[in-house]
Amino acid sequence: MPDSTNAEAKAYSLNAHKITNLLKSNVLGDKLYLYDEVTSTFDKANELPLVHGTVICAKRQSGGCGRLGRIWESREGGIYFSLILSVAKLGEIYPIITNACAVGVQRAISHYTPCLIKWPNDIITPEGKKLCGILTKMRTMGNDTTFINVGIGINVNNINFGKELVYATSLSEILGSPTDENKLLCGVLEETEKVLCLDKKNIIDEYSKQCITVNSKVRAIYAASGDEIKGTCVKIEEDGSAIIKTDNGDYISVNSGEVSVRGVYGENYV
Ligand code: BTN
């Protein structure tokens, strides 16, 4: 990046005062923690008080985690944060919280560039490059899940992804100039707060409309066994699962915790 662009990117980096001044949401971000570096915002969340709406944000993570045991590359320039949410406050939408957050993030990023949701929890460009991933962890007390930690990683001003991340991109790679991380984070929190006020049906309706996986040919791979199902994703259910019509006409419901889906762009669907 040229020096002038680099300086601009620095001016746009996360800053607690800027976020607090810009933020118009009422609950999300009311308590905000910002760190230069953490292992993972999930680890920090385990040390902090459980208050609904808390946002724990970091400029870098040394041990960022992705879905299905993968590593989440978390260099400076991306936005990495966890939302602490109370199950009691979320009510009926708690089982689809990942979908709800995907809708909020998709709304916010689409103010910068066209993007879609890839089931279950990626935000991608129409060409299939990943801009954001979402991973949800439950906090249990005794037998009850009382709080949820939604971890969101957005590629903003980070560039030069490794060879193993050929399907990753960032806003600055797409736009050719840096984006204000503070404004984007506030946009995500504000849009997500609005989505959390919708009911289950409206959330899944909007999710389905923005979801590239629906009506696409897919290959669903079970993480534990490596087994695969090939077919067309015909629907997202109200519980967030995807219904796949297999090539021999069976309907199979797949759950985000057990499968990953490939081939929504055709490039790696065999
Ligand atoms: C995915 O695999 O697509 C999910 C990626 C989730 C990354 C975010 S970054 C903030 C939070 N902390 C982590 O360690 N992971 C999540």
So Pro95 clears everything in (1) buried (at least 24 other Cβ atoms within 10 Å of the Cβ); (2) over 11 Å from the mean Cα position of the chain (by Cα) except one condition, right? Which one?
(1)
Can you tell me which residues in segment 244-259 are assigned to a strand (DSSP E or B), under 21 Å from the mean Cα position of the chain (by Cα) and within 19 Å of Ile204 (Cα to Cα)?
Val254
Residues being at pLDDT 95 or above and touching an Asp or Glu at 6+ places or on another chain (Cβ under 8 Å) - total across segment 103-130:
5
Scan segment 190-204 and tell me whether some residue there is of a type in the set (A, V, I, L, M), closer than 21 Å to Thr54 by Cβ and under 16 Å from the mean Cα position of the chain (by Cα).
yes
1 or more residues under 20 Å from Gly257 (Cα atoms): qualifying strands (runs of 3 or more DSSP E) within segment 23-121
79-86, 116-118
Restricting to segment 128-159, count the residues that are away from the ligand (no atom under 11 Å from the Cβ) and either in contact (Cβ under 8 Å) with a residue 40 or more places away in the chain or in contact with a helix residue (DSSP H, G or I) (Cβ under 9 Å, 6 or more places away or on another chain) (or both).
13
Search result, residues across segment 67-84 that are over 15 Å from Asn46 (Cβ atoms), of a type in the set (Gly, Ala, Ser) and near the ligand (Cβ under 9 Å from one of its atoms)
Ser74, Gly78
In segment 27-66, which residue that is under 19 Å from Leu196 (Cβ atoms) and of a type in the set (D, E, K, R) is nearest to the ligand (Cβ to nearest atom)?
Lys31
Here are the criteria: (1) polar (S, T, N, Q); (2) within 24 Å of Ala88 (Cβ to Cβ); (3) in contact with a Ser or Thr (Cβ under 9 Å, 6 or more places away or on another chain); (4) at pLDDT below 95. Tell me which single one Thr145 does not satisfy.
(3)
If you go through segment 118-125 one residue at a time, do you hit one that is surrounded by fewer than 16 Cβ atoms within 10 Å (Cβ to Cβ), in contact with a Pro (Cβ under 8 Å, 6 or more places away or on another chain) and closer than 28 Å to Lys24 by Cβ?
no
Which members of segment 159-178 meet the condition of being touching a strand residue (DSSP E or B) at 6+ places or on another chain (Cβ under 8 Å) and polar (S, T, N, Q)?
Thr169, Ser170
Taking first residues from segment 23-43 that are within 23 Å of Gly66 (Cβ to Cβ) and second residues anywhere that are within 8 Å of the ligand (Cβ to nearest atom) and of a type in the set (A, V, I, L, M), the pairs with Cβ under 8 Å that are 6 or more apart or on different chains are Leu34/Ala58; Tyr35/Ala58; Asp36/Ala58; Glu37/Ala58; Val38/Ala58; Thr41/Ala58
Which of the residues belonging to segment 103-117 are touching a residue at least 12 places away in the same chain (Cβ under 8 Å) and either small (Gly, Ala, Ser) or surrounded by fewer than 23 Cβ atoms within 10 Å (Cβ to Cβ) (or both)?
Gly104, Arg107, Ala108, His111, Tyr112, Thr113, Pro114, Leu116
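The values are calculated or read from the model by the stated rules, or taken from the named source; none is laboratory data. These numbers were taken from a predicted model, which means no experiment stands behind them. Neighbour counts run over all protein chains shown; Cβ positions are idealised from the backbone, glycine included.
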